[in-house]
Amino acid sequence: MKEEVRLMKGNEAIAHAAIRYGCDGYFGYPITPQSEVLETLEELMPWETTGMVVLQAESEVAAINMVYGGASTGKAVMTSSSSPGVSLKQEGISYIAAASLPALILNVMRGGPGLGTIQPSQADYFQATKGGGHGDYHLIVLAPSTVQEMVDFVGLGFDLAFKYCNPAMILADGIVGQMMEKVVLPEQRPRRTDEEIRKQCPWAANGRKDGRKRNVITSLELESSRMEVINHKLQERYREIERNETRWEEIDVEGADYLIVAFGSIARICAKAKEMAAEKGIKVGIVRPITLWPFPTEAIHRAAQGKKGILCVELNAGQMIEDVRLAVHDAIPVEHFGRLGGIIPSPEEVVVALEEKIVK
Amino acid sequence: MDIKDIIRPENKVYCKPELLDEVHMHYCPGCSHGVIHKLLAEVIAEMGLTDRTVGVSPVGCAVFAYNYIDVDWVEAAHGRAPAVATAISRLWPEDVVFTYQGDGDMSAIGTAESIHAANRGENIVMVFVNNAIYGMTGGQMAPTTLVGQKTATTPYGRRVDLNGHPLEITNLLAILDGTCYVTRQSVHTPAAVRKTKAALKKAFENALAKKGTSVVEVVATCNSGWKMSPEKANDWMAEHMFEKYPLGDLKNN
C-alpha cells in the first residue's frame with residue numbers, strides 16, 4: 001500500500017495505521033468511544049493481506065493478557081479501549097512493564113469516574129503517567145492532538161516500545177477519536193518475518209529454536225535482593241527515556257506574557273483562545289506536552305522564565321497541573337481551568353478563565 | 001556379578017526426562033505436580049516438540065513450572081493463562097502452546113478466560129491440576145473443594161449454603177463446541193500415571209493436527225494443604241474426589 005491521503009475518524013485512522021505500520025496482532029473489546037478501532041480492523045481483514053491477527057476478546061482483561069502473551073513472543077501487538085476498560089487492563093499493563101515487553105495501548109478517554117459518560121475527557125492523566133497499575137513503573141505516554149498524530153503515534157509508539165522494551169500508551173480523548181480530519185496514511189511497512197523477530201528479540205518466548213537456552217517471560221522474583229536489582233534496572237531505563245524521548249510543541253512562547261499548557265485536542269481549542277486573547281492585547285504562548293511521560297519539565301521551566309502566569313487547561317479537575325507546578329517551582333502563579341463530565345470548553349471560556357485566573 | 005555389569009544402557013528401565021532440569025523443585029514431598037511435570041517433559045521430548053513448544057504457567061503452586069521444564073515459558077497473571085496462550089498460538093501457529101493451571105487459576109479467577117479460550121477452539125492444550133485446594137497461599141477453599149472438606153477458609157468444612165457447590169469446570173468445557181478432547185485423569189498409581197501420559201500425548205497430537213482445544217484435568221493431591229501423609233492423601237483422593245470428579249474421557253472427537 002502506497003502513502004494515501006484520506007478523510008477519516010481518529011479511531012478508524014488508528015486501525016489503518018496499525019496495519020500499515022506492520023502490527024502483528026490487535027486484541028480488543030468494544031467500548032464507546034473507541035469501538036471503531038476494532039470494527040475498522042475487522043472490516044479491513046488484514047489477516048488476508050499483511051497477516052495481522054485481529055481478535056475480539058471476551059473482556060478488556062483477556063485482551064491485555066493476549067497482548068502480554070503476544071508481546072512475550074516478540075510480536076508487535078496492541079490493544080485499545082476507553083477509560084473504564086483501561087482501568088480493567090491495569091494489572092496486565094503492570095505485568096507487561098515489569099516483564100520489559102514492548103506493546104502499544106490506546107486509551108480514548110471518556111469522562112469518569114466509574115462508568116461515567118461516553119463524552120470526551122482527559123481525566124486518566126494520573127492513571128497513564130503515574131503508574132495506573134501496581135508497582136514502580138512507567139509507560140511512554142503519547143498525547144495526540146490531531147487525527148494525523150493518532151496515525152503517527154502508532155508508528156512512534158511501536159518504535160519506542162521496541163527500542164526500550166517498554167509498553168507505550170497513546171492517551172487520546174473522545175474528541176480526537178471521533179472527529180474526522182484529513183490524514184496522510186503511511187506507506188505499508190512490511191511485518192517482520194519470524195526470523196527477523198527471533199533476531200531482533202532474542203529474549204522472546206516463541207520456541208527454543210537451534211538449541212538455544214530457554215526463554216522465560218516473567219515478572220516474578222521472590223528474592224528481594226534480586227527484585228531490587230530488577231527495579232533499579234527499570235529505573236535506569238526510565239531515566240534514559242526521560243533524557244532521550246521527551247517531546248513537546250511550543251507556539252509563540254517567545255515574547256508572550258502568559259502561558260497556556262494543554263495537551264491533546266484541548267491544545268487546539270487553546271490555540272484559538274490564544275488568537276482571541278491576542279485581539280484583546282493579551283500575549284499568550286502555548287506549550288503542548290506531546291509525551292506526558294516523560295513530561296517536558298525542563299521545557300516548561302524554560303518557557304515560564306519571565307512569564308507572569310500559567311493557565312493549565314485540561315478536561316479534568318486538575319491533574320497535569322501538578323507536573324506543571326513542579327516544573328516552575330511556584331515561581332509564578334499556575335492555575336487550572338477545565339470542564340468535567342464530558343463537556344468541552346469553548347475558546348471563549350478559555351479566554352475568560354485566562355482573564356479571571358491569570359491576567360486579573 | 002559386578003555392579004558395573006548391571007549399569008549398562010540395555011538394562012535401563014527408567015530415567016529422568018531430558019527436559020526436566022536438575023534443580024530442586026519447590027513442591028512439597030508427595031505433591032502431584034512433580035509427576036505431572038515429568039510426564040509433560042517426557043511427552044514434549046518424545047514427540048520432538050522441544051523447539052516449538054511454549055508453556056504458560058499460572059499463579060499458584062505451579063507458578064515456577066518454568067524453572068523445571070526446559071522449553072520456552074510465559075508466566076501469566078492469575079487466571080489469564082488461556083488468554084496469554086490464545087495470542088501465542090494465533091501469532092505462532094506452528095508452535096505448540098500449553099497452559100498449566102490449578103483449580104483456583106482455572107476455575108475461580110480465570111473462569112472467563114478458560115471458557116472463552118475453549119469456546120473459540122483455540123489450538124492449545126489446557127492442563128488443569130485439580131487438588132481441591134489453594135496450595136500456594138496456604139490451603140484455602142477452591143471452587144473444586146468438596147462439600148464438607150476442611151480448608152483454611154472453611155475450617156468447619158465447606159457448606160453449600162455458605163460456599164456453594166464444587167465447580168466441575170471440566171464438564172463445562174466438555175460441552176463447548178471448541179473443545180476436541182476433554183479428559184480427567186490422575187497420577188496416584190503407576191497405571192494412572194501411564195494413562196495421564198497417554199492423555200497428554202493425545203492432547204499434544206490434537207494441537208499438532210490443529211483440532212482445537214484439548215483439556216486434560218488431573219485430579220491431584222495436596223497432602224500439605226490436606227494435612228495428610230502423601231500415602232493417606234492418595235487414599236483420600238481415591239475415596240472422596242473420584243466420586244465428584246470421575247476419571248475418564250468426557251469428550252474425544
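Within region A:237-339, DSSP assigns beta bridges of which about 25% are antiparallel (rounded to the nearest 5).
Of A:298, A:91, A:36, which has the largest mean-square fluctuation in a 10 Å C-alpha GNM of chain A? Of A:298, A:91, A:36, the most mobile in the Gaussian network model is A:298. Using a probe of 1.4 angstrom and keeping all protein chains present, the accessible surface of chain A works out to 39 square angstrom per residue. By the Kirkwood approach, averaging reciprocal distances over each pair of separate Cα atoms, chain A gets a hydrodynamic radius of 20.9 Å. Per-atom-type breakdown for the protein assembly as shown gives carbon and sulfur 53% of the accessible area (1.4 Å probe, protein chains only). Its DSSP H runs of at least 4 residues, each contributing -39,500 (n - 2.57), put the calculated 222 nm mean residue ellipticity of the protein assembly as shown at -10500 deg cm²/dmol, to the nearest 500.
Each residue, residue A:332 and residue A:203, gets one label point 7 Å from its Cα in the Cβ direction; the gap between the two is 4.2 nm. Using every pair of distinct Cα positions in chain B, the Kirkwood expression returns a hydrodynamic radius of 18.4 angstrom. Average accessible surface for region B:100-239: 39 Å² per residue, computed with a 1.4 Å probe over protein heavy atoms with every protein chain in place. With a 1.4 angstrom probe, the accessible area lost at the B-A interface totals about 2900 Å².
Kirkwood hydrodynamic radius of region B:32-162 from all distinct Cα pairs, in Å? Across region B:32-162, the inverse of the average 1/r is 15.3 Å. Build a GNM of chain B with springs between Cα atoms under 10 Å apart, and of B:196, B:213, B:53 the one that fluctuates most is B:53. Taking chain A as a Gaussian network of alpha-carbon nodes connected by springs under 10 Å, the highest mean-square fluctuation of the residues A:23, A:201, A:312 belongs to A:201. Put simply, the C-alpha atoms of the protein assembly as shown give a gyration tensor, and the ellipsoid matching it has half-axes of 52, 25, 22 Å, longest first. Shown for region A:207-222: residues covered by the partner protein chains by 10 Å² or more of accessible area relative to the chain by itself (probe radius 1.4 Å), namely A:207, A:208, A:209, A:214, A:215, A:216, A:217, A:218, A:220, A:222. Sort out the exposed loop chymotrypsin sites (Phe, Trp or Tyr not before Pro) in chain B (DSSP loop, at most 12 other Cβ within 10 Å) and tell me the longest stretch that has none. Excluding the exposed sites themselves, the longest stretch runs over B:15-155. A full extension of the chain between residue A:159 and residue A:134 corresponds to an added length of 6.5 nm, given 0.36 nm per residue minus the alpha carbon distance. With each label modelled as a point 7 angstrom along the Cα→C-beta vector, the residue B:152-residue B:242 pair spans 3.0 nm. Between the beta carbons of residue B:23 and residue A:251, assuming R0 = 56 Å, the FRET efficiency works out to 0.40 to the nearest 0.05.
The values are calculated or read from the model by the stated rules, or taken from the named source; none is laboratory data. Bear in mind the structure is a predicted one, so any value in this text is a computation, not a measurement. For neighbour counting, all protein chains shown are included, and Cβ atoms are generated from backbone atoms with ideal geometry for every residue, glycine included. Only protein heavy atoms, including side chains, enter the accessible area calculation; ligands, DNA and RNA are left aside. Shrake-Rupley method; radii C 1.70, N 1.55, O 1.52, S 1.80 Å.
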